[in-house]
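Notes for the one structure printed next.
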Amino acid sequence: MSVDILKTTQLSKSFGDTHAVDHVDFSVSAGEVLALIGSNGAGKTTLINLISGLIPPDSGRVDFQGSDITHASIHRKIQLGIARSFQLVNLFDQLTVRDNVTLAIFSREGRTRRFFSVADADTAVRDEAAVVLKEFGLDGRAGAPAGGLSQGERKLLDVAVAYALRPKLLFLDEPTSGVSTREKAPIMDIITQVVRSGGITAVIVEHDMDVVFTYCPRIVAMHQGSILADGTPDQIRNNAQVTANMLGTQSG
Amino acid sequence: MSAPGVAPRRVLAWSAPVLAALIVLPFLVPAWQTVLLSYGLVFAIAALGFNLLLGYTGLLSFGHSAYFGAGAYAVAFIVKYAGLESMEVFLLGGVVVSGIVAALFGVLCVRYTRIFFGILTMALSQVLWSLAYKFFWVTGGSDGLRVPTPTLLGGLVRMGADKQDFLSGPYYFYVLAVFVIAVAVMWVIVHSPFGKALQAIRDNETRAEFVGVQVWHYRWVAFVISGIFTGLAGALWVPLNGLTTPDILHWTFSGKIVFFTVLGGFQTFFGPVIGAVIYNYLENWAVGYTVYWQMVLGVVLVVLVLALPAGIVGTVKRMSVRAAKAA
């Protein structure tokens with residue numbers, strides 16, 4: 001058995017009367033690619049927000065590689081190796097595609113505080129950004145402003161920016177939402193390829209069951225703030241509770 | 001593209017002739033014209049500092065008079081209390097004092113954005129303004145403080161018989177040199193990894209945080225750098241004016257700095273520089289032309305916002321991009 005890279009213990013968050021995340025015990029093994037599924041409002045995104053530090057939990061604990069990071073700053077979590085993308089694409093729209101990635105590289109190297117050197121003159125960083133963009137199939141768009149990309153390209157760039165931080169654990173919040181069905185497979189192919197070759201542990205929040213069953217060997221299903229089921233695609237497909245709550249109207 | 005920033009070679013290609021013209025100009029035009037241009041260059045340095053916040057960090061300050069005034073009053077205090085007249089000491093004093101004021105005010109201001117940031121910067125600058133009025137035994141109140149013509153380059157260059165000759169000659173070139181250095185330094189700052197991080201904060205604060213940029217901290221550093229540039233301008237301005245009064249601490253002067261920048265175009269690096277120089281000519285012309293000069297400038301501002309929202313440089317840039325695409 002591989003070790004847990006991430007573990008939450010009784011993690012909870014309420015918004016008013018709604019228990020968005022309700023005493024969740026959730027763990028991720030190093031190197032696995034895991035899908036987090038559930039209907040709207042199941043608490044998937046809230047769980048990621050709690051772990052990545054966007055919002056603080058009401059109670060419970062988050063451990064990363066054996067140390068408590070429940071109340072660590074976002075900056076600290078990134079330094080430790082936790083990165084994320086966003087459901088609604090979050091990019092630096094006026095910066096070029098290349099600069100979106102170089103900024104992540106400079107940040108990773110702790111060099112964004114330097115204000116007396118020209119960023120573009122750093123060929124090592126430029127070269128690394130070029131490699132990252134090539135991996136994501138965005139090398140042809142390097143000089144374009146990020147705001148001018150298509151939705152599919154924006155989704156990829158969003159992941160590329162997080163990936164350029166060289167994380168150990170990467171959260172991808174609906175990497176294929178808002179793109180056409182035809183674009184989904186190529187995007188997931190690229191993402192899973194990059195993640196696997198980089199040895200990155202990935203947690204993918206996804207709505208599309210076809211995508212989930214195809215790309216993720218382990219699936220965790222959430223419902224009303226709690227974990228409903230956890231297993232392989234076959235186990236999830238044949239789980240009565242999951243079928244009743246989520247897959248009921250879908251072909252599965 | 002739309003991000004502020006230009007390739008170094010292209011910048012040099014057109015800035016070299018402009019610089020040559022600025023060097024030759026004093027030999028071709030009357031002295032008062034050169035002095036007028038000096039004011040323009042000084043305001044350009046202030047606008048350059050201001051735009052690090054507006055154009056690159058996405059923060060609209062309505063209180064930059066505070067740092068301009070801090071630089072100017074620092075010079076006046078150096079004269080009054082230390083009896084020194086060296087321009088280098090003036091500049092150092094202006095930079096240090098405006099930097100300290102910006103560091104203190106910045107701690108409060110950078111926690112807010114948008115209108116809250118604007119109001120807070122304005123309120124703090126108004127505090128300095130009222131202090132300058134009330135503490136007249138220190139600041140001279142509304143009479144202000146006189147500042148004699150300084151010596152340049154550690155006393156190597158001194159004023160001759162005529163003040164106008166000094167201001168339009170050695171002092172103009174001194175201002176020009178500081179201006180060129182300020183532009184070069186700011187150009188490097190906005191093109192540095194730090195400058196890119198500021199633009200990232202401007203575009204998307206949450207994502208910047210998730211790339212590892214500590215947003216408050218970076219905003220604060222940008223605020224201090226911005227204040228220092230504006231304070232440097234204030235220190236250069238005093239010898240031209242010969243006097244510093246509370247007017248330059250008033251929020252209406254902050255409004256002028258905003259005007260420079262909007263006029264030139266805040267989404268370009270050189271927009272605020274061009275805007276400051278043009279505004280200075282415009283105001284000078286309007287003041288001489290009519291007693292209703294503020295109305296004239298108000299109309300200009302309205303027309304500008306409606307017709308050229310990208311400012312002068314922004315519009316020229318867009319037109320040249322369009323022309324290049326059509327060709």
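The values are calculated or read from the model by the stated rules, or taken from the named source; none is laboratory data. Nothing here was measured: the structure is a model prediction, and the numbers come from that model. Using ideal geometry, Cβ is built from the backbone for each residue, glycine included, and neighbour counts are taken over all protein chains shown.
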**Fill in**
Going through (1) free of Cβ contacts under 8 Å to residues at least 12 places away in the same chain; (2) not in a loop (DSSP other than H, G, I, E, B) one by one, A:Val161 fails only at (1)
**Asked** Somewhere in region B:157-169, is a residue more than 9 Å from chain A (Cβ to nearest Cβ), outside any loop (DSSP other than H, G, I, E, B), modelled with pLDDT of 95 or more and under 20 Å from the mean Cα position of the chain (by Cα)?
**Response** no
**Asked** Quick check, is B:Tyr67 modelled with pLDDT of 95 or more, aromatic (Phe, Trp, Tyr) and more than 16 Å from B:Val224 (Cα to Cα)?
**Response** no
**Prompt:** Out of (1) within 14 Å of chain B (Cβ to nearest Cβ); (2) in a loop (DSSP other than H, G, I, E, B), what's the single condition that is false for A:Lys77?
**Reply:** (2)
**Fill in**
Among B:Val127, B:Val89, B:Val75, B:Val101, the single one that is within 22 Å of the chain's Cα centre (by Cα) and either closer than 30 Å to B:Asp203 by Cα or acidic (Asp, Glu) (or both) is B:Val101
**Message:** On the basis of being surrounded by fewer than 19 Cβ atoms within 10 Å (Cβ to Cβ), at pLDDT below 95, assigned to a loop (DSSP other than H, G, I, E, B) and over 12 Å from the mean Cα position of the chain (by Cα), does B:Val29 make the cut?
**Reply:** yes
**Message:** Go through region A:94-151 and report how many residues are within 13 Å of chain B (Cβ to nearest Cβ), part of a helix (DSSP H, G or I) and either aliphatic (A, V, I, L, M) or over 19 Å from A:Pro186 (Cβ atoms) (or both).
**Reply:** 22
**Request:** Return a yes/no flag: does region B:257-273 have any residue that is within 14 Å of chain A (Cβ to nearest Cβ), at pLDDT 90 or above and closer than 30 Å to A:Gly81 by Cβ.
**Result:** no
**Looking only at region B:193-207, and only at residues there that are within 17 Å of A:Asp122 (Cβ to Cβ) and of a type outside the set (S, T, N, Q), the one that is surrounded by the most Cβ atoms within 10 Å (Cβ to Cβ)** = B:Ala197
**Request:** Determine, yes or no, whether A:Arg141 is surrounded by fewer than 21 Cβ atoms within 10 Å (Cβ to Cβ), of a type in the set (Lys, Arg) and farther than 21 Å from A:Pro175 by Cα.
**Result:** no
**Request:** Scan region B:80-120 residue by residue and report those that are in a helix (DSSP H, G or I) and among the charged types (D, E, K, R).
**Result:** B:Lys80, B:Glu88, B:Arg114
**Asked** Given the conditions (1) crowded, with 24+ Cβ neighbours inside 10 Å; (2) closer than 30 Å to B:Gly140 by Cβ, and given that B:Asp247 satisfies all but one, which numbered condition is not satisfied?
**Response** (1)
**Request:** Would you check which residues across region A:173-204 are out of contact with any Leu (no Cβ under 6 Å at 6 or more places or on another chain) and part of a strand (DSSP E or B) and list them?
**Result:** A:Asp173
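Rundown of residues vs (1) of a type outside the set (A, V, I, L, M, F, W, C); (2) at pLDDT below 90, yes/no style:
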| residue | (1), (2) |
| --- | --- |
| A:Leu50 | no, no |
| A:Ile55 | no, no |
| A:Asp63 | yes, no |
| A:Arg98 | yes, no |
| A:Arg114 | yes, yes |
**Fill in**
For A:Ser27, the lone unmet condition from (1) in a loop (DSSP other than H, G, I, E, B); (2) under 21 Å from A:Pro217 (Cα atoms) is (1)
**Message:** Let me confirm something: among A:Asp122, A:Asp58, which residue is surrounded by fewer than 18 Cβ atoms within 10 Å (Cβ to Cβ) and without any contact (Cβ under 8 Å) to a residue 60 or more places away in the chain?
**Reply:** A:Asp58
**Message:** Just the residues that are part of a loop (DSSP other than H, G, I, E, B) and within 13 Å of chain B (Cβ to nearest Cβ), please, taken from region A:40-71.
**Reply:** A:Gly53, A:Leu54, A:Ile55
**Request:** Please work out which residue is nearest to the chain's Cα centre (by Cα), limiting yourself to region B:208-229 and to residues that are at negative phi, facing chain A (nearest Cβ under 7 Å) and surrounded by fewer than 24 Cβ atoms within 10 Å (Cβ to Cβ).
**Result:** B:Gln214
**Message:** If a residue must be under 29 Å from B:Lys163 (Cβ atoms) and in contact with a Phe, Trp or Tyr (Cβ under 7 Å, 6 or more places away or on another chain), how many such residues does region B:260-274 contain?
**Reply:** 1
**Subset of region B:32-78 that is of a type in the set (A, V, I, L, M, F, W, C) and in a loop (DSSP other than H, G, I, E, B) - its residue that is surrounded by the fewest Cβ atoms within 10 Å (Cβ to Cβ)** = B:Leu60
**Subset of region A:152-184 (residues that are more than 14 Å from the chain's Cα centre (by Cα) and either within 13 Å of chain B (Cβ to nearest Cβ) or not polar (S, T, N, Q) (or both))** = A:Gly152, A:Glu153, A:Arg154, A:Gly178, A:Val179, A:Arg182, A:Glu183, A:Lys184
**Request:** Could you check, for region A:4-11, whether at least one of its residues is in contact with a strand residue (DSSP E or B) (Cβ under 6 Å, 6 or more places away or on another chain) and either among the small types (Gly, Ala, Ser) or not in a strand (DSSP E or B) (or both)?
**Result:** no
**Request:** Please indicate, with yes or no, whether at least one residue in region B:291-309 is surrounded by 17 or more Cβ atoms within 10 Å (Cβ to Cβ), aromatic (Phe, Trp, Tyr) and either free of Cβ contacts under 8 Å to residues at least 40 places away in the same chain or closer than 27 Å to B:Val183 by Cβ (or both).
**Result:** no
**Positions within region B:253-297 being of a type in the set (Ser, Thr, Tyr) and closer than 16 Å to B:Trp237 by Cβ, in sequence order** = B:Ser254, B:Tyr279
**Message:** Take the conditions over 30 Å from A:Val89 (Cβ atoms), buried (at least 24 other Cβ atoms within 10 Å of the Cβ) and away from every other protein chain (no Cβ under 14 Å) and apply them to B:Leu232. Does it pass?
**Reply:** yes
**Message:** For region A:23-39, give me each residue that is surrounded by 19 or more Cβ atoms within 10 Å (Cβ to Cβ) and more than 18 Å from A:Pro167 (Cα to Cα).
**Reply:** A:Val24, A:Phe26, A:Leu36, A:Ile37, A:Gly38
